[in-house]
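**Student:** Take this structure, written in structure tokens, and hold onto it; I'll ask about it next.
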Amino acid sequence: MQNFDGKSVFITGSGSGIGRATAVRLAASGARVAVHDLSTEAARETCDMIRGAGGVAHEFLSDVSDVAATRAVVAAAEAKFGGIDILVNNAGTTSDFCTLDEVTEEMFDRSIRVHVRGTLFTTQAVVPGMKQRGGGKIVNVSSISGTVGNPMATTYNAAKGAIAALTKGWAKELAPFGILVNAIAPGPTITPMTTNRLAPEYFTERAKQIPLGRWGTAEDMAGAIAFLASPDADYITGQIVSPNGGLVIT
Ligand SMILES: NC(=O)c1ccc[n+]([C@@H]2O[C@H](COP(=O)([O-])OP(=O)(O)OC[C@H]3O[C@@H](n4cnc5c(N)ncnc54)[C@H](O)[C@@H]3O)[C@@H](O)[C@H]2O)c1
């Protein structure tokens, strides 16, 4: 495991799933974690898990698409920790799963607000502090929907594709400031986002299409995020790393 002693990390949507697993993993490796979420209860639960294991965590609450509220919690986290070294833009919601002709303006706006507006303006809030500190690491959470597309997922594909494009542009723009920007593009992953929505039989059927024969876990994703956030990835920027069990090989 990597060593994150002395590092402060801000993780959006870390009250559940991939965000929580990342928070727990980085805290276990020495990071102080700003656990950000929409849900007070979920954020508190993650903080309790981290503190219970002897780590350092504080909760910060906002809807990531509310720019003013998210700027305020980023400022509060910077004040609490003396700066943010690592940002993980993870907060997200599931796709609406419908055909192209069924997509509504509301579906489009909801997906873009949370994923694109959230990622963009949280990053805008964190970057000035990183520049002042001489660098930082940003890991965005895209999806295979954003890299190879999925049927019945128009608004989600659009949002996750935008996150992949933002990652590449920011990697070039922020490299002179020592800020490295990468993304993970998870394949099918077992988290509340999928278990709350999909029938158990779907997991079995889908697993048959995955060369490694199983769905990803939140911990699989946390491992890839931890790698990209660590000094082991100091020469990697602008890349989309896709933990997907071999489902997508480009
Ligand atoms: N689970 C998968 O199969 C899968 C695959 C590819 C990508 N992803 C992406 O991974 C990320 C994490 O998803 P997960 O599977 O862990 O889901 P999850 O539902 O378990 O966790 C998502 C967390 O984000 C929070 N959140 C949602 N909207 C928010 C908002 N507007 N402001 C602040 N917090 C908000 C939720 O409260 C929740 O705690 C998402 O961006 C998702 O799109 C997931």
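**Student:** Would you call Thr123 in contact with a strand residue (DSSP E or B) (Cβ under 7 Å, 6 or more places away or on another chain), more than 10 Å from the ligand (Cβ to nearest atom) and of a type in the set (Ser, Thr, Tyr)?
**Tutor:** So Thr123 fits the description; yes.
**Student:** Which condition breaks for Ala77 when tested against (1) away from the ligand (no atom under 13 Å from the Cβ); (2) closer than 18 Å to Ile18 by Cα; (3) in contact with a strand residue (DSSP E or B) (Cβ under 9 Å, 6 or more places away or on another chain)?
**Tutor:** (2)
**Student:** For Asp109, which of the numbered conditions (1) out of contact with any Phe, Trp or Tyr (no Cβ under 6 Å at 6 or more places or on another chain); (2) closer than 16 Å to Ile11 by Cα; (3) outside any loop (DSSP other than H, G, I, E, B) fails to hold?
**Tutor:** (2) is the only condition that Asp109 fails.
**Student:** Tell me which strands (runs of 3 or more DSSP E) are completely within segment 1-63 and hold 3 or more residues being of a type in the set (A, V, I, L, M, F, W, C) and over 19 Å from Phe227 (Cα atoms), or say none if there are none.
**Tutor:** 56-61
**Student:** Sticking with this one: With respect to the numbered conditions (1) buried (at least 16 other Cβ atoms within 10 Å of the Cβ); (2) among the basic types (Lys, Arg); (3) over 24 Å from Thr70 (Cα atoms); (4) away from the ligand (no atom under 12 Å from the Cβ), which one is the sole condition not fulfilled by Lys137?
**Tutor:** Condition not satisfied by Lys137: (3).
**Student:** On the basis of being closer than 22 Å to Ser16 by Cα, more than 9 Å from the ligand (Cβ to nearest atom), part of a loop (DSSP other than H, G, I, E, B) and modelled with pLDDT under 95, does Arg214 make the cut?
**Tutor:** It is false that Arg214 is closer than 22 Å to Ser16 by Cα, more than 9 Å from the ligand (Cβ to nearest atom), part of a loop (DSSP other than H, G, I, E, B) and modelled with pLDDT under 95.
**Student:** From the list Ile18, Ile84, Ile11, Ile50, exactly one residue is over 27 Å from Thr194 (Cα atoms) and crowded, with 16+ Cβ neighbours inside 10 Å. Which is it?
**Tutor:** Going through Ile18, Ile84, Ile11, Ile50 in turn, the sole match is Ile84.
**Student:** Do the conditions hold for Ala91, that is, is it touching a strand residue (DSSP E or B) at 6+ places or on another chain (Cβ under 8 Å), over 22 Å from Pro243 (Cβ atoms) and crowded, with 21+ Cβ neighbours inside 10 Å?
**Tutor:** So Ala91 fails the test.
The values are calculated or read from the model by the stated rules, or taken from the named source; none is laboratory data. Everything numeric here is computed off the predicted structure, so don't read it as measured data. Methodologically, a virtual Cβ is constructed for each residue, glycine included, from the backbone with ideal geometry; neighbour enumeration extends over all protein chains shown.
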